[in-house]
Amino acid sequence: MRQLLLLRHAKSSWDDPALPDHARPLNARGRRSAQAMAEAMRELRLSPDIVFVSSARRTLQTLEALTPFEDGALVEPMDALYLAPWQQLLDELRRVPETARSLLLIGHNPGLHDLALALADPATLARGGADARRLAEGYPTGALAEFTIASPWRQLAAGGGRLVRFLAPRDLSAAEQPA
């Protein structure tokens, strides 16, 4: 079994309207929620072998909050992930070396949410477990979906994942502390 972790970047700042979207940083709440997600990932022992991360500033800052990973991880910042549609994200996942047991992809909506919905077993979403219902409803900033993948990476297809958990920053007490 392989593990796929899909993390949407944490909350970003809109303070500077002249700043290009690609250059927007995390805001204070985003930094707190990214730190809280890092703690949750460590507690759950979610440590990827490889990280694919969008080259946008807010995704790179989200990654900074998560590192270092327990066993180290190969990190690949990718322009192709910036605001990519789910089909493009899936194509990138198919490039993962078969030796990788766990991959973390840090990206953006709507592509990340659409990818998670496409990968999830439709029967799982239809049965409506709490995590599946929450995933179907939306993918907030800083949220993490964990999937198990049975197929080789190169054969990953829609319906090819089993949702293990879905965590949002509001689930993590440290993320919502006042500034």
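Against the definition (of a type in the set (S, T, N, Q) and assigned to a helix (DSSP H, G or I)), how does Thr99 come out, yes or no? Quick ask: steps written out before the conclusion?
Working: of a type in the set (S, T, N, Q): yes; assigned to a helix (DSSP H, G or I): no.
Judged against the criteria, Thr99 is not a match.
Listed here are the residues, each with its yes/no results for (1) more than 20 Å from Ala36 (Cβ to Cβ); (2) in contact (Cβ under 8 Å) with a residue 60 or more places away in the chain; (3) touching a Pro at 6+ places or on another chain (Cβ under 6 Å).
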{"residue": "Pro77", "(1), (2), (3)": "yes, no, no"}
{"residue": "Glu98", "(1), (2), (3)": "yes, no, yes"}
{"residue": "Ala126", "(1), (2), (3)": "yes, no, no"}
{"residue": "Ala130", "(1), (2), (3)": "no, no, no"}
{"residue": "Gly142", "(1), (2), (3)": "no, yes, yes"}
(request) Check whether at least one residue in the range 9-27 is part of a helix (DSSP H, G or I) and either surrounded by 19 or more Cβ atoms within 10 Å (Cβ to Cβ) or in contact with a His (Cβ under 9 Å, 6 or more places away or on another chain) (or both), and report yes or no. (result) no
(message) Of everything in the range 28-44, what is charged (D, E, K, R) and either buried (at least 22 other Cβ atoms within 10 Å of the Cβ) or farther than 17 Å from Glu146 by Cβ (or both)? Give them in sequence order.
(response) Arg29, Arg31, Arg32
(message) As an exercise: evaluate Val51 against (1) over 14 Å from the mean Cα position of the chain (by Cα); (2) on the phi < 0 side of the Ramachandran plot and give the number of the one condition it does not meet.
(response) (1)
(message) For the structure I just gave you, tell me whether Ser102 is under 20 Å from Arg154 (Cβ atoms) and touching a residue at least 40 places away in the same chain (Cβ under 8 Å).
(response) yes
(request) Enumerate the pairs (first residue in the range 57-68 and in a helix (DSSP H, G or I); second residue anywhere and basic (Lys, Arg)) with beta-carbon separation below 6 Å, excluding pairs fewer than 6 apart on the same chain, so at least 6 apart or on different chains. (result) Arg58/Arg24
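Picking from Glu146, Glu137, which residue would you name as being surrounded by 15 or more Cβ atoms within 10 Å (Cβ to Cβ), charged (D, E, K, R) and either in contact (Cβ under 8 Å) with a residue 12 or more places away in the chain or within 25 Å of Arg58 (Cβ to Cβ) (or both)? Outline the logic, then answer.
Numbers: Glu137 fails: surrounded by 15 or more Cβ atoms within 10 Å (Cβ to Cβ).
Just one listed residue meets the conditions, Glu146.
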(message) Restricting to the range 79-92, and then to whatever is touching a residue at least 40 places away in the same chain (Cβ under 8 Å) and in contact with a strand residue (DSSP E or B) (Cβ under 7 Å, 6 or more places away or on another chain), can you tell me which residue is surrounded by the most Cβ atoms within 10 Å (Cβ to Cβ)?
(response) Glu92
(request) Check off (1) in a helix (DSSP H, G or I); (2) within 19 Å of Pro169 (Cα to Cα) for Asp114 and give me the number that stays unchecked. (result) (2)
(request) Output the qualifying pairs, or none if there are none: Cβ atoms under 9 angstrom, residues six or more apart or on different chains, first residue in the range 9-20 and closer than 23 Å to Gln35 by Cα and among the aliphatic types (A, V, I, L, M), second residue at pLDDT 95 or above and part of a loop (DSSP other than H, G, I, E, B). (result) Ala10/Asn27; Ala10/Thr141; Ala10/Gly142
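Looking at Ala18, Ala34, which is the one that is aliphatic (A, V, I, L, M) and modelled with pLDDT of 95 or more? Even if it seems obvious, please write down each step before you answer.
Details: Ala18 fails: modelled with pLDDT of 95 or more.
Within the list Ala18, Ala34, the selection yields Ala34.
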(message) Given (1) closer than 19 Å to Ala168 by Cα; (2) assigned to a helix (DSSP H, G or I), identify the lone condition not met by Leu105.
(response) (2)
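The values are calculated or read from the model by the stated rules, or taken from the named source; none is laboratory data. As the structure is a prediction and not an experimental result, all values here were calculated from the model. Reconstructed Cβ throughout: ideal geometry from the backbone, glycine too, with neighbour counts over all protein chains shown.
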